[in-house]
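Asks: Questions regarding the structure given below will be posed in turn.
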Amino acid sequence: MIRTDLQELLLANLRDVKDFPKPGIVFKDITPLLSNPDCLSAVVEAMLADIVDFDPEIIVGIESRGFIIGAILASRLGVPFVPLRKSGKLPFTTFKESYGLEYGTDSLEIHTDAIPKGARVLIHDDVLATGGTALAASKLCERAGAGELAYAFLMELSFLPGREKLASYSNKIISTLNIS
Ligand code: AMP
């Protein structure tokens, strides 16, 4: 699919919900995209094409919307999927990082044995906004033993400084849709 067609398809399958979960936030709802198999397939194919050069050995998905496409990418590539979960959800020993959100604060954890030492890790989430979540994910992956990092987001809110925040970890940042 041509990229401009993909952008249009994506835009038509995202829903902006104003003032959710707090006043002033325009929430990018991906449920219409998930309910459209053609759109979901097109997104997965585009992401696979974008990440093939990085050749990830592990896909890390961020709770919770990063689990959906992240697990599909891992399955398609034949590599392990590793979930980063909100505090207190993972059952084994964990590393933990707290971070600021566009709308509050939160913390993420990773199992201490989730990543083989030096592995090339692709971090996936639905939205790159201020970058706090992906930065915390990067720190967790590093603590768990990751080597080179790259990122694949469904969309990037490029009027926010997320990309700059990740620069100290990697400039390999793919976003299927850029919202400026
Ligand atoms: P940030 O840490 O600011 O980059 O925020 C990214 C995380 O918060 C992702 O896990 C997103 O799912 C969620 N998020 C932030 N802003 C939005 C938004 N406007 N719409 C939907 N999800 C968002």
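Asks: Is it fair to say residue 106 is open to solvent by 70 Å² or more (accessible area, probe 1.4 Å) and either part of a loop (DSSP other than H, G, I, E, B) or within 12 Å of the ligand (Cβ to nearest atom) (or both)?
Replies: No: the conditions fail for residue 106.
Asks: Turning to a different aspect of this structure: Check 136, 119, 150 and return the single one that is of a type outside the set (Val, Ile, Thr), within 28 Å of residue 16 (Cα to Cα) and in contact (Cβ under 8 Å) with a residue 60 or more places away in the chain.
Replies: Just a single option satisfies the conditions, and that option is 150.
Asks: Which strands (runs of 3 or more DSSP E) sit wholly inside segment 110-180 and have at least 1 residues that are open to solvent by less than 10 Å² (accessible area, probe 1.4 Å) and touching a Pro at 6+ places or on another chain (Cβ under 9 Å)?
Replies: Because the criterion is at least 1 residues that are open to solvent by less than 10 Å² (accessible area, probe 1.4 Å) and touching a Pro at 6+ places or on another chain (Cβ under 9 Å), the strands (runs of 3 or more DSSP E) in segment 110-180 that meet it are 121-128, 149-157.
The values are calculated or read from the model by the stated rules, or taken from the named source; none is laboratory data. These numbers were taken from a predicted model, which means no experiment stands behind them. Here Cβ is always computed from backbone atoms with ideal geometry, including for glycine, and neighbour counts include all displayed protein chains. What goes into the accessible areas is simple: the full protein's heavy atoms, side chains included, and nothing from ligands, DNA or RNA. Shrake-Rupley method; radii C 1.70, N 1.55, O 1.52, S 1.80 Å.
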